[in-house]
Amino acid sequence: MPDYDAFDAVVFDLDGTLVDLAVDWNVAASDAIDLFERNGHDARGANLWDLLERADDAGLRPELESVLADHETAGAAASTRLRHADDLPLSVPTGVCSLNCEVACRRALDRHDLTDHVESVVGRDSVATYKPDPEPLLATLRDLGAPPEQSLFVGDSERDELTAERAGVQFRWV
């Protein structure tokens, strides 16, 4: 276990870090592609993150967020707890910064009795940008009242690591 007490705040990614959301991402991507194609946009060969980046220009952001939120919230309700969730509660302010929608994050935290141990939750839809843009992580830290340079972000992906780097936050892999 990292020495969490050495930091002013600790922020965790959610999926793959604290819990494993039961989402079939291939089905979610297929539904997203169908949404684009039903609305006259060629989405063949696009992955889910490509579609997220194109959603605003296509005028499909709200609809795409709804499609993804349906998959994520169902996946949160059936999620499994991962071993790093057992590190909670921490003695320092703790947050979650995720690429999943905020409602799914909260549902997963509730399912695994972690809600009382997390003071701030920022999902993909909580602020105007999403990881690897640093703003979601910085927003989480502002909520926690902690400076980036004295904080830790714990995650499971290169996107998480890049987010931390861009925000000036230390990073640990799970």
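Go through the stretch 145-173 and give me each residue that's touching a residue at least 40 places away in the same chain (Cβ under 8 Å) and within 25 Å of A69 (Cα to Cα).
Kept after step one, since they are touching a residue at least 40 places away in the same chain (Cβ under 8 Å), are these residues of the stretch 145-173: 145-147, 150-157, 159-160, 163, 169-170, 172.
Answer for the stretch 145-173, where residues must be touching a residue at least 40 places away in the same chain (Cβ under 8 Å) and within 25 Å of A69 (Cα to Cα): F153, V154, G155, D156, S157, R159, D160, T163.
State all residues of the stretch 1-52 that are closer than 25 Å to R107 by Cα, under 19 Å from the mean Cα position of the chain (by Cα) and among the charged types (D, E, K, R); if no residue qualifies, say none. Correct list: D13, D15, D20, D24.
Inside the stretch 10-54, can you point out the residues that are of a type in the set (G, A, S) and either touching a strand residue (DSSP E or B) at 6+ places or on another chain (Cβ under 9 Å) or closer than 30 Å to L152 by Cα (or both)? Spell out how you get there, then give the answer.
Of the residues in the stretch 10-54, the ones of a type in the set (G, A, S) are 16, 22, 28-30, 32, 40, 43, 45-46.
Of everything in the stretch 10-54, those that are of a type in the set (G, A, S) and either touching a strand residue (DSSP E or B) at 6+ places or on another chain (Cβ under 9 Å) or closer than 30 Å to L152 by Cα (or both) turn out to be G16, A22.
Residues of the stretch 86-113 being within 15 Å of T17 (Cα to Cα), crowded, with 22+ Cβ neighbours inside 10 Å and not polar (S, T, N, Q), which ones? Residues satisfying the conditions are G95, V96, C97, L99, A104, C105, A108, L109. From the list D160, D133, D116, D70, the one residue that fits, being at pLDDT 95 or above, touching a strand residue (DSSP E or B) at 6+ places or on another chain (Cβ under 7 Å) and either not hydroxyl-bearing (S, T, Y) or not assigned by TED's automatic domain parsing to the domain that holds S30 (or both), is D160.
The C-beta contact set for the stretch 89-108 (first residue without any contact (Cβ under 8 Å) to a residue 40 or more places away in the chain, second residue basic (K, R) and surrounded by fewer than 24 Cβ atoms within 10 Å (Cβ to Cβ), distance under 6 angstrom, 6+ apart or interchain) comprises C101/R124. Of the residues making up the stretch 160-174, those that are surrounded by 15 or more Cβ atoms within 10 Å (Cβ to Cβ) and not small (G, A, S) are D160, E161, L162, T163, R166, V169, Q170, F171, R172, V174. Total residues in the stretch 31-48 satisfying the condition of being more than 19 Å from H71 (Cβ to Cβ) and in a helix (DSSP H, G or I): the figure is 0.
The values are calculated or read from the model by the stated rules, or taken from the named source; none is laboratory data. Remember, it's a predicted structure, so these values are computed and weren't measured experimentally. Cβ coordinates were reconstructed from backbone atoms using ideal geometry, including for glycine residues, and neighbour counts include every protein chain displayed.
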